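A.B. asks: Supplied in structure tokens, the structure appears directly below.
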Amino acid sequence: EVQLQASGGGLVQAGGSLRLSCVASGFIFEDYAIGWFRQAPGKQREGVSCIVSSDGTTYHVDSVKGRFTITSDNAKNTVSLQMSRLKPEDTAVYYCHAVETSDGVVFFNPVIPKNSHQYWGEGTLVTVSS
């Protein structure tokens, strides 16, 4: 059974920090780019950050660069997103996502190659108050 188990969402004031974690099971962790999408009310779902498990390469959407850090612990099949200096516009439901690829750019592409598996975890709500 494939699972992406997310945790860490919550309520925080602007300028604060939260740490999201995603524990993966049921697939070969090292073959995937793993990270987070988010969706705010009335907005499109967007890719936020990902890490390529095989080599540790990281990618971030411009709006979070310098504030978010993504890391992986391959021994524990876990990806963590440290979110710092949070802003109200970071408020969203965050979804852990895994894509079978060694190219982090593919993670952000809504059209995934047919020969690449992809999995979604359940969302965790991050609320940043003004």
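The values are calculated or read from the model by the stated rules, or taken from the named source; none is laboratory data. Everything numeric here is computed off the predicted structure, so don't read it as measured data. FYI the Cβ positions are ideal-geometry reconstructions off the backbone, even for glycines, and counts take in every protein chain you see. When the accessible area is computed, the model is the full protein with side chains, heavy atoms only, and any ligands, DNA or RNA have been set aside. Shrake-Rupley method; radii C 1.70, N 1.55, O 1.52, S 1.80 Å.
A.B. asks: Inspect the range 31-54 for any residue being among the charged types (D, E, K, R), more than 17 Å from VAL93 (Cα to Cα) and surrounded by 13 or more Cβ atoms within 10 Å (Cβ to Cβ) and give the result as yes or no.
C.D. replies: Step one: filter the range 31-54 for residues among the charged types (D, E, K, R), giving 31, 38, 43, 45-46.
Then drop every residue that is not more than 17 Å from VAL93 (Cα to Cα), which leaves 31.
Pick out the ones that are also surrounded by 13 or more Cβ atoms within 10 Å (Cβ to Cβ) and you get 31.
Taking every residue of the range 31-54 in turn, at least one turns out to be among the charged types (D, E, K, R), more than 17 Å from VAL93 (Cα to Cα) and surrounded by 13 or more Cβ atoms within 10 Å (Cβ to Cβ).
A.B. asks: Another question, then. How do the strands (runs of 3 or more DSSP E) wholly within the range 65-130 filter down when requiring 3 or more residues that are touching a Leu at 6+ places or on another chain (Cβ under 9 Å) and within 22 Å of LYS43 (Cα to Cα): which remain? Give the derivation first.
C.D. replies: Numbers: elements: 68-73, 78-83, 92-99, 118-120, 124-129.
In the range 65-130, 92-99, 124-129 are the strands (runs of 3 or more DSSP E) which contain 3 or more residues that are touching a Leu at 6+ places or on another chain (Cβ under 9 Å) and within 22 Å of LYS43 (Cα to Cα).
A.B. asks: Another question, then. Between a first residue in the range 90-112 that is buried (at least 18 other Cβ atoms within 10 Å of the Cβ) and a second residue that is in a helix (DSSP H, G or I), which pairs have beta carbons less than 7 Å apart while being 6 or more apart in sequence or on different chains?
C.D. replies: VAL99/VAL106; VAL99/PHE107; THR101/PHE107
A.B. asks: Could you list, in sequence order, the residues of the range 11-36 that are under 14 Å from MET83 (Cβ atoms) and within 14 Å of the chain's Cα centre (by Cα)?
C.D. replies: We begin by selecting, within the range 11-36, every residue under 14 Å from MET83 (Cβ atoms); these are 11-22, 35-36.
Scanning the range 11-36 gives LEU18, ARG19, LEU20, SER21, CYS22, GLY35, TRP36.
A.B. asks: Taking the condition open to solvent by 50 Å² or more (accessible area, probe 1.4 Å) and modelled with pLDDT of 95 or more, does THR69 pass? Lay out the reasoning, then the answer.
C.D. replies: Details: open to solvent by 50 Å² or more (accessible area, probe 1.4 Å): yes; modelled with pLDDT of 95 or more: yes.
It is true that THR69 is open to solvent by 50 Å² or more (accessible area, probe 1.4 Å) and modelled with pLDDT of 95 or more.
A.B. asks: Considering the range 29-38 alone, what residues qualify as being without any contact (Cβ under 8 Å) to a residue 60 or more places away in the chain and within 19 Å of GLU122 (Cα to Cα)?
C.D. replies: Answer for the range 29-38, where residues must be without any contact (Cβ under 8 Å) to a residue 60 or more places away in the chain and within 19 Å of GLU122 (Cα to Cα): just PHE29.
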